[in-house]
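The structure appears right after this line, and notes come after that.
The values are calculated or read from the model by the stated rules, or taken from the named source; none is laboratory data. No experiment lies behind these values; they were computed from the predicted model shown. Virtual Cβ from ideal backbone geometry, glycine too; neighbours counted across all protein chains shown.
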Amino acid sequence: MKKISIAIDGTSSSGKSSFARKIAEKLGYAYVDTGAMYRAVTLYAMRSGFIESDGTIDVPGLIVGLPDVRMEFILNPQTGSNELWLNGENVEQQIRSIEVSDQVSAVSQLPEVREQLVLLQQQMGAAKGIVMDGRDIGTVVFPQAELKIFMTADPEVRAMRRYKELLDKKQKVSLEEIMENIRKRDLADTTRAVSPLKKAPDALTLDNSRMSIEEQIAWVEEKIRHLTEE
Ligand code: DC
């Protein structure tokens, strides 16, 4: 079977990660959650004092500090998922917190941050056999990917998914707070100057507001079959 690259982009909490992880598992491909990488840089910036309480970013400070950010995805045998380690520490929980979610759009708008992460992502996917999800994978990171998918779902559906996820992790937040965060991030992600979230012209749209994960996988398996036949 021919190895391909699969680029998945879409709005926040549209279910990209679960979908991408499942596809990678089925195909035996590597999975890279690029949102986790932007979140890790944000956590690093917060911890290093480069983000003030009012959200102001010390951009020159952060840029100088970027070479100190060492990121690795390491398999957790208990969950079977890759988790993000930042400078030797598993930060999978911390990068999903509402505090990081509130700051990540601002950090991911910085061209210097994007440049570094895009390079890293291109290296990770150079050998194909990869499923990568994010906002600019089909447009910037792998514009030559054989399969590009643009995922979305109604904002209310996405907010409810995020709410349940955080409840499961015992994080205290209100649905309103999440709705507000999703609204803000949609706006920031689609209107930023550098690599805004947009559908690549040759991407397939998947609106999963009313689809189960099984239905989504069945849909994509059909597409993959055609592309990997030799
Ligand atoms: O997918 P996520 O919600 O975990 O992503 C977190 C943030 O990172 C999101 O607000 C946008 C940003 N991001 C990005 O700008 N480019 C990517 N390829 C992935 C995420």
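Number of residues in the range 88-101 that are more than 10 Å from the ligand (Cβ to nearest atom) and either crowded, with 17+ Cβ neighbours inside 10 Å or closer than 28 Å to E180 by Cβ (or both) equals 7.
For the range 74-100, the candidate set comprises residues that are among the hydrophobic types (A, V, I, L, M, F, W, C) and in contact with a helix residue (DSSP H, G or I) (Cβ under 8 Å, 6 or more places away or on another chain); within that set, the residue that is farthest from Q123 (Cα to Cα) is I98.
Quick check on this structure: which one of T228, T139 is touching a Lys or Arg at 6+ places or on another chain (Cβ under 7 Å) and modelled with pLDDT of 95 or more? Talk me through it step by step, then tell me what you get.
Details: T228 fails: modelled with pLDDT of 95 or more.
Selected residue: T139, the only one of T228, T139 that is touching a Lys or Arg at 6+ places or on another chain (Cβ under 7 Å) and modelled with pLDDT of 95 or more.
Check A45, A24, A36 and return the single one that is of a type in the set (A, V, I, L, M) and within 10 Å of the ligand (Cβ to nearest atom). Full working, then the answer.
Values: A45 fails: within 10 Å of the ligand (Cβ to nearest atom); A24 fails: within 10 Å of the ligand (Cβ to nearest atom).
Exactly one residue qualifies, and that residue is A36.
Against the criterion of being within 14 Å of the ligand (Cβ to nearest atom) and either over 29 Å from S209 (Cα atoms) or not basic (K, R) (or both), G65 does not qualify.
Checked against (1) away from the ligand (no atom under 13 Å from the Cβ); (2) within 16 Å of the chain's Cα centre (by Cα), R161 meets all criteria but (1).
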